[in-house]
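What follows is a single structure, written as structure tokens, with notes after it.
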Amino acid sequence: MNILDQVLDVGRDIVERRVRLGVTGLSDAGKTVFITAFVHALMHPGRMTRLKAVAEGRYRAGILRPQPSQDLPRFPYEACVEQLTGARGAPEWPESTRSIAELRVSVRYRPRGLMSRLGDNVLHVDLFDYPGEWLLDLALLDKDYETWSQEALEVARSADARPHAEPWLEFLATLNPDVPDRAAEAAAIEGAAKFTAYLRAFRDARGRSTVVGPGRFLLPGELEGSPLVSFCPLPPPAAGARAERNSLRRLMRDRYEAYKSQVVGGFHRRHFARLDSQVVLVDIAGHASRGGAALEPVARSLDSVLRALRIGSGGWLPRWISPRIEKVLFAASKADQVPTDQHEALDALLRKSLDESIRRTSYQGARLEAFSIAAIRATREVVAASEQDRRYVAGRTVGEERDVAHFPGRIDLSGRPQGTFEVVRFLPPPGLDPAGPWPHLRLDRAIETLIGDRLR
Ligand code: GDP
């Protein structure tokens, strides 16, 4: 047992508290990198000056501890650190979140004021990583099968989606879903496979973080191939027609309802209702790169997240999802892809995307903050004196032998057409030390926002 373990295990004299922090965001938002950097920062707090416990000299140490839930996968922290620090070759970004995972890091600190006389405290920080696509499924709880089908078909027939949806729509046209059918099960499986193929193709064409669902069709996790994800929308029945027993429509409807209650409801009842703080990562710079139009679905998805978190009073969720979450941070990730003189604009763009939801829902209960961060800073800044001090971000990109300097264009809050603003992907910075602090932008402020008050 090392010295830190002994210190934390003294237990009896130490006040132990816990805080459960949810980390979500759509695919590619930066969850995996964020969790790795967050945990690493708590263990190596050298550059965490905006974390008050560190600034006030009260922070002692952070160590990994066994996670509290026996039945959740553990977040693969060590593997992520190995990839980032280049333990197995060149540094690379870790594999992205595909399912839920949990990790506990325990922090020992001295409380403020008189309490400090009683000795140190321990805060267990339980990080809970889950795909935002699953969170957005909450909107389904509210919809019956017919309504969901109708909405999904409208999207599939829209100009953007139609080319990808055609094989599935053609398949639907061959079905007679309202009569008893011995082959209903096979049709449901084939329909679900074609529907899923369409959702994936549409998402890939529009950027990985496009919101089309249900979430488990895109990221099935442990449900891959199960009946719970073997259904799809159907066109409405002919006027007056009723879905008979053993018909395909009945089967689809039952599975949709099972998905809602077992997958969406069950998942959230177990995990989501127990969160204290929540960070929602949004790759705003990436979305802005795809043009103003790409930001609109993001705004919509953030709106759903806000509703799901029941920050607004007009909640439509069942009561068991209690509004316990005290703090929500919306963080624009990968800010290091954008020169620092544009970070204010990046923050403004994030807030603008949230603005309508905030205004409409007049949030209450939770504290909400929104700013941009880089969990790991992969770039440095280069100023071109010959170009009126224009600022570039510089770093290594895939396939390049040398660092490249990139000017992404200027962020425009009105959402300019594609092409005028474009970020590039950089590799992780070389030389990240497995045993020392890592470069970041405002990760310390994010940690202070999320758990700072628990370290007082
Ligand atoms: P997830 O799908 O939400 O888990 O997203 P990841 O954490 O896997 O991040 C997706 C990709 O975004 C990574 O592979 C990196 O290319 C990039 N990325 C994430 N965080 C950062 C960051 O802080 N800085 C930079 N420059 N890139 C990042």
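The values are calculated or read from the model by the stated rules, or taken from the named source; none is laboratory data. From a predicted model like this one, the values you see are computed outputs, not experimental measurements. Here the Cβ positions follow ideal geometry from the backbone for every residue, glycine too, while neighbour counts run over all protein chains shown. We work out accessible area using only protein heavy atoms, side chains counted, and drop any ligands, DNA or RNA first. Shrake-Rupley method; radii C 1.70, N 1.55, O 1.52, S 1.80 Å.
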Practice task
Provide a single number: the residues in the range 98-120 that are farther than 26 Å from residue 67 by Cβ, touching a residue at least 40 places away in the same chain (Cβ under 8 Å) and open to solvent by 40 Å² or more (accessible area, probe 1.4 Å).
Solution key: 2
Exercise for the section: Six or more apart or on different chains, Cβ under 7 Å: which pairs go from a residue in the range 25-37 that's in a loop (DSSP other than H, G, I, E, B) to one that's near the ligand (Cβ under 6 Å from one of its atoms)? Could you list them? Expected result: 25/31; 27/96; 28/96; 29/333; 30/333; 30/334; 30/375
Practice task
State all residues of the range 14-54 that are within 16 Å of the ligand (Cβ to nearest atom), among the small types (Gly, Ala, Ser) and at pLDDT 95 or above; if no residue qualifies, say none.
Solution key: 30, 37, 41
Exercise for the section: Scan the range 153-162 for residues that are open to solvent by 20 Å² or more (accessible area, probe 1.4 Å) and either in a loop (DSSP other than H, G, I, E, B) or in contact (Cβ under 8 Å) with a residue 24 or more places away in the chain (or both) and jot them down. Expected result: 155, 157, 158, 159, 160
Exercise for the section: State whether the residues of the range 63-75 include one that is more than 15 Å from the ligand (Cβ to nearest atom), free of Cβ contacts under 8 Å to residues at least 24 places away in the same chain and assigned to a helix (DSSP H, G or I). Expected result: no
Fill in the blank from the handout: Among (1) exposed (fewer than 15 other Cβ atoms within 10 Å of the Cβ); (2) at pLDDT 85 or above, residue 11 falls short only on (2)
Practice task
Please specify each residue of the range 395-448 satisfying the condition of being within 12 Å of the ligand (Cβ to nearest atom) and basic (Lys, Arg).
Solution key: 396, 425, 442
Practice task
Select, from 254, 283, the only residue that is open to solvent by 10 Å² or more (accessible area, probe 1.4 Å), at pLDDT 85 or above, on the phi < 0 side of the Ramachandran plot and within 16 Å of the ligand (Cβ to nearest atom).
Solution key: 283
Practice task
Please give the number of the condition residue 95 fails out of (1) surrounded by 14 or more Cβ atoms within 10 Å (Cβ to Cβ); (2) under 21 Å from the mean Cα position of the chain (by Cα).
Solution key: (1)
Exercise for the section: Of all residues in the range 164-184, count the ones that are open to solvent by 90 Å² or more (accessible area, probe 1.4 Å) and farther than 15 Å from residue 237 by Cα. Expected result: 2
Practice task
Looking only at the range 121-134, decide whether some residue is surrounded by fewer than 19 Cβ atoms within 10 Å (Cβ to Cβ) and assigned by TED's automatic domain parsing to the domain that holds residue 29.
Solution key: yes
Exercise for the section: Output yes when any residue across the range 364-371 is within 16 Å of the ligand (Cβ to nearest atom) and either open to solvent by 10 Å² or more (accessible area, probe 1.4 Å) or under 20 Å from residue 22 (Cα atoms) (or both), and no when none is. Expected result: yes
Handout entry: Meets criteria (surrounded by fewer than 21 Cβ atoms within 10 Å (Cβ to Cβ), over 19 Å from the mean Cα position of the chain (by Cα) and at pLDDT 90 or above) for residue 361
Key = no
Problem - Candidates 161, 165, 152 - the one that is modelled with pLDDT of 95 or more, within 27 Å of the chain's Cα centre (by Cα) and within 24 Å of residue 300 (Cβ to Cβ) - result: 165
Problem - Check on residue 79, within 16 Å of the ligand (Cβ to nearest atom), in contact with a helix residue (DSSP H, G or I) (Cβ under 8 Å, 6 or more places away or on another chain) and assigned to a helix (DSSP H, G or I) - result: no
Exercise for the section: Could you tell me which residue of the range 183-239 is nearest to residue 101 (Cα to Cα), considering only residues that are without any contact (Cβ under 8 Å) to a residue 12 or more places away in the chain and away from the ligand (no atom under 16 Å from the Cβ)? Expected result: 224
